[in-house]
Ligand SMILES: CC(C)(COP(=O)(O)OP(=O)(O)OC[C@H]1O[C@@H](n2cnc3c(N)ncnc32)[C@H](O)[C@@H]1OP(=O)(O)O)[C@@H](O)C(=O)NCCC(=O)NCCS
C-alpha cells in the first residue's frame, strides 16, 4: 500500500516470523526485557547509539512512544525475539521518510550477547521483504557511522548498495565528529 490520505488507515502486519527470529510491535510489558538488554549492552551500544545509558523509566517511556508512533505510522519499531527461547534479542524498525513514494529508513541494534549469530541479517531481511511486498517500498535506506563495520556488513550482506558518505555530519558520544555511510536498496536491485 502506498499513497493514502490517512496514514493511520494503512494496514500493517505487527508480527513477522523468520526461521530463528520473531519480530513484533512493542507492548508496554516489553519495557523490562528492553531495559535488561540495554543494561547488558551499554559498552557495546555507546559508540553508535544515543540510548546506551537509558534508565528503566526511559525504556518504559520509549516503548509507549513506539506504540503511539506505530499507530500514527510515524515509526514502525519491532522487538526481535528468539523463536526457540522467547529471549529478547534487540530491535529493528522501518522509519518512514516518505509514505507517498515508499521511502523507508531501517534502523537496528542487538543486545551484546546476541551479536555474531546472524540474527540481525535475518531480521532486516524480514523487514526488507515486508517493505517491498506489503508496503510498496521503492527505496530502503540504511545509514551508519563510517567506523561501524558490523552495521555496514549487515547492509552489504543484504545487497544494499553504498551510495555515499556524508562527512562530519554528527557528533559521537566521545565528542568526535563522524562520517555517515548511506546504503540504498531498490526493488530493481533484487531482480
Ligand atoms: C550492528 C549489529 C546489529 C550487527 O550485528 P551482527 O551480529 O554483526 O549481525 P548479524 O546478526 O547479521 O550476524 C552476522 C554475524 O553472524 C555470523 N553468523 C553466524 N551464524 C550466522 C547465520 N546463520 N547467518 C548469518 N550470519 C551468521 C556471521 O558470520 C557474522 O559474523 P562476522 O561478522 O563475525 O562474520 C550489532 O553489531 C550491534 O547491535 N551493534 C551495536 C548497535 C549498532 O551499531 N547498531 C547499528 C547502528 S547504525
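Computed from the coordinates by the stated procedures, all read-outs in this text should not be read as laboratory data. Keep in mind that what you see is a predicted model, and the values were worked out from it rather than measured. No Cβ is skipped: glycine too gets one built from the backbone with ideal geometry, and neighbour counts run over all protein chains shown.
Residue count for the range 136-157, restricted to those that are in a loop (DSSP other than H, G, I, E, B), surrounded by fewer than 21 Cβ atoms within 10 Å (Cβ to Cβ) and more than 8 Å from the ligand (Cβ to nearest atom): 4. Going through (1) within 12 Å of the ligand (Cβ to nearest atom); (2) under 15 Å from the mean Cα position of the chain (by Cα); (3) in contact (Cβ under 8 Å) with a residue 12 or more places away in the chain; (4) over 21 Å from residue 12 (Cα atoms) one by one, residue 181 falls short only on (2). For first residues located in the range 99-123 and in a loop (DSSP other than H, G, I, E, B), partners that are surrounded by 16 or more Cβ atoms within 10 Å (Cβ to Cβ) and lie 6+ apart or on another chain with Cβ distances below 6 Å form the pairs 101/138; 102/137; 102/138; 111/37; 111/41; 111/90.
Restricting the range 25-46 to residues that are in contact with a helix residue (DSSP H, G or I) (Cβ under 9 Å, 6 or more places away or on another chain) and outside any helix (DSSP H, G or I) leaves a set whose member that is nearest to residue 117 (Cα to Cα) is 41.
The condition (being away from the ligand (no atom under 11 Å from the Cβ) and part of a strand (DSSP E or B)) is satisfied by just one residue among 129, 169: 169.
Residue 68 meets all of the listed conditions (1) over 21 Å from residue 137 (Cβ atoms); (2) within 13 Å of the ligand (Cβ to nearest atom) but one, namely (2).
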